[in-house]
Amino acid sequence: MTAARAGRPAVDAPADMTAPDVLRRRLFQPTTAAFAAVAVLVALLDVAGIAVPEPVQVVPFAVSVLLFGLPHGALDHLVPARLDPGISRRRSIASVVLLYAVLGAATAAVWIVLPVAGFTLFILVTWFHWGQGDLWLDRALGDAPPSRTDAALTVLVRGALPMLGPLLLHAREYAAVLRGTTGLLGARSAPAGALLESPVIRLTAALVLVALITAHLVVRRRAGGRPAPAVGEITVLAIFFLVVPPVLAVGLYFTFWHAVRHIVRLELLTDGGRAALQRGHLLRSFGRFLRDAAPLTACAVVLLAALALVLRSADLGTYLLLIAALTTPHTAVVTWMDRRRSQGVAAVRGEEPVQR
Ligand SMILES: CC1=C(/C=C/C(C)=C/C=C/C(C)=C/C=O)C(C)(C)CCC1
Ligand SMILES: [Fe+2]
């Protein structure tokens, strides 16, 4: 259906634009620009001696409960059926529910027995998971070459930006999140917090980040990929995570960068979603997704409320504990999707029929 027939202004993407072009111009480039604008704004406020108030910093995480963040994993139970016509809806739901029960409980057990190890595992799993999300997109947009070294470095760099970046200039807030989460489980994490705040660790993190970024860009160029878009995104994200207070920065990244990209990936697996995205109808596509994800998002909200009651705390730490338990199985689902990579990549290029 064209926009004119729908009786709205002509907002359809031009017919000669491919899906990657449309997504790049309508979604990914504006997102990068918005992140750059936030970094500039925060830097200007800083110069003026104004700090972003703490209640404002948690707004993106609060928004993520219903918009994009928590919902982005709420279709995991349908992913196997969407990707493989040989897998029935019933089998898809049963296997993913089992996966969530086993890996979610195992993650919770680590947190309960060894909270600091739970936190460390959470950072490492997120590092990998957010890195794999950006690798998928780089490949889908034709920027990343089919090289294993490029893949490994992309995952390492993209995950390191949000997980190591905040440590360089905001180690105190980083350590506060460690205390805020592990403290809910009765842990005394003073030594680990002090370690995070030590100059040696922060300097090491800076060196690792610079080395990874350099190696990544060199390898991408040599392997025949397109380094230019990556340079732009990495530069903006590096400045963003250096400048913006971590709770605000990581909340914005989770909600409007990682989750949005994953939603695009899932929408491209359906006829309706792909058609909407190819025409640049982003809001329609996100609306469809949020509606589909509503039942399981509601279940996750109930779990969050139950956790808040058990821990007698309804703060960011509680929410992060829930996310930690859900992220391990979610990462397993996405890793399975990656192994069937050809589907997703072909879908964004409009080369392949997709199933509902
Ligand atoms: C909030 C915050 C942190 C950790 C956030 C994490 C680890 C979030 C993970 C979210 C996931 C995995 C969502 C699912 O895709 C850091 C880095 C300690 C820095 C201080 C602020
Ligand atoms: Fe995710």
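Numbers for the structure displayed
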quantity: Contour minus Cα-Cα distance for Val301 and Ser147 (0.36 nm per residue); calculated: 51.5 nm
quantity: Equivalent ellipsoid semi-axes - Cα gyration tensor, segment 143-223, angstrom; calculated: 32, 14, 8
quantity: FRET efficiency, Val58 to Ala294 (Cβ-Cβ, R0 25 Å, nearest 0.05); calculated: 0.60
quantity: Candidate residues Trp336, Trp111: accessible-area rank, largest first, probe 1.4 Å; calculated: Trp336, Trp111
quantity: Relative contact order, percent, the chain [alpha-carbon distance under 8 Å, six or more residues apart]; calculated: 31 percent
quantity: Sites Arg188 and Leu283, calculated FRET efficiency, Cβ-Cβ separation with R0 56 Å, nearest 0.05; calculated: 0.75
quantity: Helix runs (DSSP H) in the chain reaching 18 Å along axis by Cα, Kyte-Doolittle at least 0.5; calculated: 29-47, 89-113, 115-140, 148-169, 199-222, 227-243, 282-311, 316-339
quantity: Over 25 Å [Cα-Cα, the chain], rounded percent; calculated: 55 percent
quantity: Bins of 5 Å from zero: percent of alpha-carbon pairs in segment 147-193; calculated: 5, 19, 19, 15, 14, 11, 9, 5, 1
quantity: Accessible-area composition of segment 136-282, carbon plus sulfur, in percent [1.4 Å probe]; calculated: 68 percent
quantity: Heavy-atom surface of the chain, accessible at 1.4 Å and reported per residue (Å²); calculated: 46 Å²
quantity: Test item: Cα-centred dipole of the chain, Lys/Arg +1 and Asp/Glu -1 on Cβ, debye; calculated: 720 debye
quantity: Spacing of the two label points (7 Å from each Cα toward its C-beta) at Leu45 and Ser95, in nm; calculated: 4.6 nm
quantity: Along principal axes, Cα extents of segment 61-220, largest first, whole Å; calculated: 53, 45, 27
quantity: Cut-off 14 Å between beta-carbons: net charge of the residues surrounding Glu233, Lys and Arg +1, Asp and Glu -1; calculated: +2
quantity: Segment 172-257 - percent relative contact order, Cα under 8 Å, separation 6 or more; calculated: 24 percent
quantity: Values of log10 I(q)/I(0), in the order q = 0.18, 0.23, 0.25, 0.26 Å⁻¹, for segment 101-170 under a Debye, Cα-only, solvent-free model; calculated: -0.77, -0.93, -0.99, -1.02
quantity: Carbon/sulfur fraction of accessible area - segment 71-112, other protein chains in place, 1.4 Å, %; calculated: 72 percent
quantity: Added length on full extension, which subtracts the Cα-Cα distance from 0.36 nm per residue, Leu207 to Ala228; calculated: 5.3 nm
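The values are calculated or read from the model by the stated rules, or taken from the named source; none is laboratory data. If you're wondering where the values come from, they're calculated on a predicted model, not measured in any experiment. Counting neighbours? That spans all protein chains shown, and the Cβs are built from the backbone with ideal geometry, glycine included. Calculation scope for accessible area: heavy atoms of the full protein, side chains included, ligands and nucleic acids excluded. Shrake-Rupley method; radii C 1.70, N 1.55, O 1.52, S 1.80 Å.
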